[in-house]
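A short reminder: the numbers here are calculations on the coordinates, not readings from a lab. Please read all numbers here as calculations on a predicted model, not as lab measurements. So basically every Cβ, Gly included, is an ideal-geometry build from the backbone, and we count neighbours across all protein chains shown.
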Amino acid sequence: MLPKAYDPTSCEDRIYKLWEDSGAFKADPKSSKEAFTVSMPPPNATGQLHLGHAVMLALQDIFIRFSRARGKEALWIPGTDHAAIATESVVIRKIQKEEKIKDPRGHYGRTELVRRIAEFVAQSQATIRGQVRKMGASCDWSRERYTMDASLNRCVNEVFQKMYADGLIYRGNRVVNWDTALQTTISDDEIEYEDREGLLYTFEYLSAEQTGGEALCVATSRPETKLGDTAIIVHPDDERYEHLIGRHFEVAWPGGVTGHVTVIADHTVDREFGTGAIGCTPFHSKIDYEIWQRHKEEIIAEPKQIIGEDGLMTENAGSFAGLSVEICRQKFIEELRENGRLKKEEKYTQPLSISYRSKKPVEPLPKLQWFIDVNKKAVVWPIHRAGLRPADLSPRPADPKMSLKEIMQQVVRTHAIRIIPDRFERTYFQWIDHLQDWCISRQIWWGHRVPVYYCVKCAAGMSGQSSYERLAMSDELKAQSSKLKAEGVPGAFVSSQSLNVCPECGGKVEQDPDTLDTWFSSGLWTWSTLIDPAMAQDMSLSLEDLLKLSPDFQKFHPTAVMETAYDILFFWVARMILMTTYATGQIPFKTVYLHGLVRTREGKKMSKSDPSTCIDPLEIIPQYGADALRLAMIVGQMPGNDFQLYMEKIGGYRNFINKLWNASRFVLLQCENAKADPKKLQATSYKLQAPAELSLADKALLSELQKLITDVTEGLETYRLSETGERLYSFVWDFFCDWYLELSKGEAHLPVLVHALRTIVQLLHPYCPFVTEELWEAIKPEGAGLLMLEPWPVIDERLRDPIAEEHFALLTNVITSIRQLRAEYGIAPEAKIVVSIFSDDHQPLLESQKEHIIRLARLSSLAFEKPKSSKGIVSAFLKGAEVHVSLEGAIDLPKLKANLLEEKLSLKQFLDRVDAKLGNAKFMEHAQHSVIELEQQKRKDAEERMAKVEERLKSLS
RNA sequence: GGGUGGUUAGCUCAGUUGGUUUAGAGCGACUGAUUUACACUCAGUAGGUCACAGGUUCGAUUCCUGUACCACCCACCA
């Protein structure tokens, strides 16, 4: 017999092993079944899983288990992400802390540091594997992937080369986002904005002498950058400055720096802000860079870089060289003040760019980097792949070349990819509208190295320490063109294969030192994980060959659903769409399901830096069980909405699991008492074989079960997980336990009982796999295997019985109303009460349920007749029956009267409302027949009750 | 500045094409119960002018407009 309470710790690990050993997680590419694939978003291999991972694992496991049971070839690929910057900085900080080494990069060098990071990652991966198992995730471990696997690296290199050949990847000298803390560029999406309290300084830029009139002042929050100005920008229609436009000035800056600026006119300037004139610093502001690009011809001075990659002022900053930006600003202002040039200082809230990774300010700097061009029309995207019907294609237009941006828009606009919840489509489009070329190179060591090689010999003659530097310098700061092709640079080769020697002269080559943005490789995740690793070693195969020949890719791509948190819609989901449509010609997934972020009880974000706000799944699972945690994160949570998780919630679902456990225990006890082996009971069509033996409750249960199967199946098919979970919860607890099991006591039909429990356990299995698998072992039919492999229940129309449902509802209403009357009139539990029930239509039915009513309402006697007198009687007038409880003189008359009057009043109000409706000619004219009938029925019922209430009131007076 | 979502019971949230809703659930509160599955239980009770103001409609929690407050996303006026 089962223990009294469910103990998750005693079975979860054992059951997981059972599943894993059975091979049931493993998908077969040769299967004739329809494929259903989920790519698990690879957790960063930097440490522990948190609740966010737990949510995704729970959701995806439900999709997968449901699909598997429904006869699909279900594949769920697990894996981890090397998480370039995140991992490198974690390891560097670790080394700094543990080994007291200030500069681990300098100390260990590239090879050794990369080795150390790889070591750390391996450890972390092992932890993650264990944690994913703890959640019950039924993923295919034989296909586990890592973004740095050799086969995935091959894909990265192939895609880079292909994009380069198509002109979609280029090297360009641009103002990029420089993270001075991490010493690398970051992409536009890796920037966060924060409002900081600062000062807005207004100072004299050009003196009255220079302008020949009034002095020209400029307002800025970053005065120190003015050292790099090439221009003053004013609005073309601004009369104050009209006469200065086009003129050139020499400016004496603090620090002994001489600047040369041209006054130019541009519409983007806001005349109302500050003085209406601004300094243009092309190399330290993206906006200024753009303005400078537009007016290059008019401007005489070349831009200067005045802030270095180390965050300190450069040689161009004169005597400020080597100072930090903050100190330089102070000194700069001091000097202006001394010279009387500082006119105003005011408080100012300044939007500051912060690095998403280091949380430190981002410094815009000019740098030679690799970019992906999102606007170049270079890709043929067949229109029919975008989900259009053939009818829409007549006459079939030639497939035009599209830009990556356009393809990204098209696949979502045509709903080839559907996003749940759909409002995120708007967010997605808005992001694409603003999307600029994607900077993909990073100056860190951990990651996929840019597959570009430089020949020392071919590049000879250029200045610089290494060939790379020489080549870089040849491009750098020229800035004539924003796009400098490596192709046009002598001695540079883009190659998906590792190059050791120069293909042209046989000389020594050096690989580009930069690595790729981590999202470059994770953008390939849905398909690079499906490339056959053995084939990927064969360098004679092209990318197209690899796709064509990999059985997994052919069978399992595109994937069915991408389930992830909405906060990485841009970072990752959009990038997968971009990279995958380009590289494979397929969409990466058909559906995107976005879940919300887990918050604390107070609605705050859980943050690692504040452990008290965090709930650790690994602490919850031993205490409450993985099943309870899963339910707590899914039921009551709508896609795309954040949700608050706290202990009581998890405890509530732990209770539910235990309820299910005890219901099963009860069923097994019944079997034991009847000396029946539950495994031998086969009862699917019990009702059809022996209808006479079935009780009302049995018939109702079998009928309700059909509805349940339908609802759960449809709910899961349409990704309505919360609602479906609630449906199951309520069915198990409110219907099955509270009514059916109570009623079945004493006259249980074991085959029906066991059948119902099996069905429930099957339907619940995707949500709470462990407890259901454990229970299945005890109740499964003879010869059955694991629950996770059991086919999904199908409905049997013959078991539907609306009349039984209706009768059952009447029965429960009668019992409830007696209980209510007891409580309402304070009848002591031990007091014997005499009840009579009367019904016009259902007298025989209720009589047949006499024993149940007596037992569940705890009566001493029950009669089926109208009471002779209403003296000492309280009543409930239900639809279809009236219930009278005799209080044997102990009646509280004023209370009874008050209750009746209250009931009368609410009935009156209701009737007035219904009458108003039915008496309204326009309602009768416009409303649907069914609605009118319904209202008429409501009115009839209410009137009947009203008559009874009035009659009773009369008898009291 | 642009956009999105929210505002329903003390708390967390449902409410799927406007009328089967006289607005529901879970938790919490309160009253009672030791009845051979379960106290991780059972029975029952209280608690809501569905943020506010207009509009459309026979009828609005539901659709439209506006307002307020909250949250988030995007942009960044130097």
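Counting other C-beta atoms within 10 Å, and keeping those with at most 14, which DSSP coil trypsin sites (Lys or Arg not before Pro) do you find in the range A:579-638? Sparse-neighbourhood loop trypsin sites (Lys or Arg not before Pro): A:Arg601, A:Lys604, A:Lys608.
Within chain A, all pairs of alpha-carbon atoms sorted by distance into 10 Å bins from zero give the percentages 2, 9, 15, 17, 16, 13, 10, 8, 6, 3, 1, 0.
For a label point 7 Å from the Cα of A:Tyr646 along Cα→C-beta, name the residues of the range A:601-624 whose backbone N is under 19 Å from it. The answer is A:601-607, A:610-617, A:620, A:624.
List the trypsin sites (Lys or Arg not before Pro) within the range A:100-191 that DSSP assigns to loop and that have no more than 16 neighbouring Cβ atoms inside 10 Å. All intermediate terms of the calculation are to be shown ahead of the outcome.
Numbers: sites: A:Lys100, A:Lys102, A:Arg105, A:Arg110, A:Arg115, A:Arg116, A:Arg129, A:Arg133, A:Lys134, A:Arg143, A:Arg145, A:Arg154, A:Lys162, A:Arg171, A:Arg174; in loops: A:Lys100, A:Lys102.
Those that pass, being in a loop and sparsely packed, are A:Lys100, A:Lys102.
Straight Cα distances below 14 angstrom link A:Lys331 to the aspartates and glutamates A:Glu224, with same-chain residues fewer than 8 positions distant left out.
If r is the Cβ-Cβ distance from A:Phe429 to A:Asp915 and R0 is 41 Å, what FRET efficiency results, to the nearest 0.05?
Details: r = 51 Å, r/R0 = 1.24.
The calculated FRET efficiency here is 0.20.
Here r is the Cβ-Cβ distance between A:Glu504 and A:Ile803 and R0 is 51 Å; the resulting FRET efficiency, rounded to 0.05, is 0.05.
Residues of the range A:189-220 with an amide N closer than 12 Å to a point placed 7 Å from the Cα of A:Gln436 along the Cα-to-Cβ direction: A:189. Placing pseudo-labels 7 Å out from each Cα toward the beta carbon at A:Asp310 and A:Asp892 gives an inter-label distance of 8.5 nm.
Helix A:929-956 and the longest principal axis of the Cα set of chain A meet at an angle near 50°.
Label positions at A:Lys377 and A:Gln928, each projected 7 Å from the Cα along the C-beta direction, are separated by 4.9 nm.
Our note on the geometry: Cα centres of the range A:86-111 and the range A:294-360, 30 Å apart.
Mind checking the angle between helix A:8-22 and chain A's longest principal axis? C-alpha axes, 0 to 90 degrees, to the nearest 10. Orientation of helix A:8-22: about 70 degrees from the principal axis.
Find, among the trypsin sites (Lys or Arg not before Pro) in the range A:779-857, those assigned to loop by DSSP (not H, G, I, E, B) with at most 14 other beta-carbon atoms within 10 angstrom. Don't skip to the answer; put the middle values down first.
On the way: sites: A:Arg798, A:Arg800, A:Arg819, A:Arg822, A:Lys832, A:Lys850, A:Arg855; in loops: A:Arg800, A:Lys832.
Listed in order of number, the matching sites are A:Lys832.
For the peptides A:530-540, A:547-557, the ranking by mean Cβ contacts within 10 Å, running from highest to lowest, is A:547-557, A:530-540. What does a probe at A:Arg14 reach in the range A:752-770, counting residues whose amide N is under 18 Å from the point 7 Å along Cα→Cβ? Answer for this model: A:769-770.
With both bridge residues required to lie in chain A, what share of the DSSP beta bridges run antiparallel, to the nearest 5%? Let's see the in-between values first.
On the way: 72 of 98 bridges.
So the antiparallel bridges amount to about 75 percent of the total.
Full extension from A:Cys737 to A:Thr591: what is 0.36 nm times the residue separation minus their Cα-Cα distance, to one decimal in nm? Numbers along the way, then the final one.
Details: separation 146, 0.36 × 146 = 52.56 nm, distance 3.67 nm.
Length difference between fully extended and current span is 48.9 nm.
In this label model, A:Ser32 and A:Lys102 are separated by 7.2 nm, measuring between points 7 Å along each Cα→Cβ vector.
Note on the range A:245-259 and the range A:887-917: Cα centroid distance 91 Å, given to the nearest whole angstrom. Working from Cα positions, state the angle (0 to 90°, nearest 10) between the long axis of helix A:575-584 and the longest principal axis of chain A. Tilt relative to chain A: about 80 degrees.
Rounded to the nearest 20 debye, the dipole magnitude of chain A is 1840 debye, with +1 charges on Lys and Arg beta carbons, -1 on Asp and Glu beta carbons, and the Cα centre as origin.
The stretch between A:Thr268 and A:Ala676 holds 138.4 nm of extra length on full extension. This uses 0.36 nm per residue minus the Cα-Cα distance. Across chain A, the longest piece that holds none of the GluC sites (Glu not before Pro) lying in DSSP loops with up to 13 other C-beta atoms within 10 Å covers A:298-503.
Helices in chain A, meaning DSSP H runs of at least 4 residues, each add -39500 (n - 2.57). Divided by all residues, the mean residue ellipticity at 222 nm is -13000 deg cm²/dmol. In the structure displayed, which of A:Lys879/A:Lys917; A:Lys304/A:Lys376; A:Lys286/A:Lys376; A:Lys296/A:Lys343 lie more than 26 Å apart, Cα to Cα? Listed pairs above 26 Å: A:Lys304/A:Lys376; A:Lys296/A:Lys343.
Rounded to 0.05, the FRET efficiency of the A:Lys359 and A:Ala831 pair, given R0 = 60 Å and the Cβ-Cβ distance, is 0.30.
Extension gain, A:Ser730 to A:Ala784, is 16.7 nm, computed as 0.36 nm per intervening residue step minus the present C-alpha separation.
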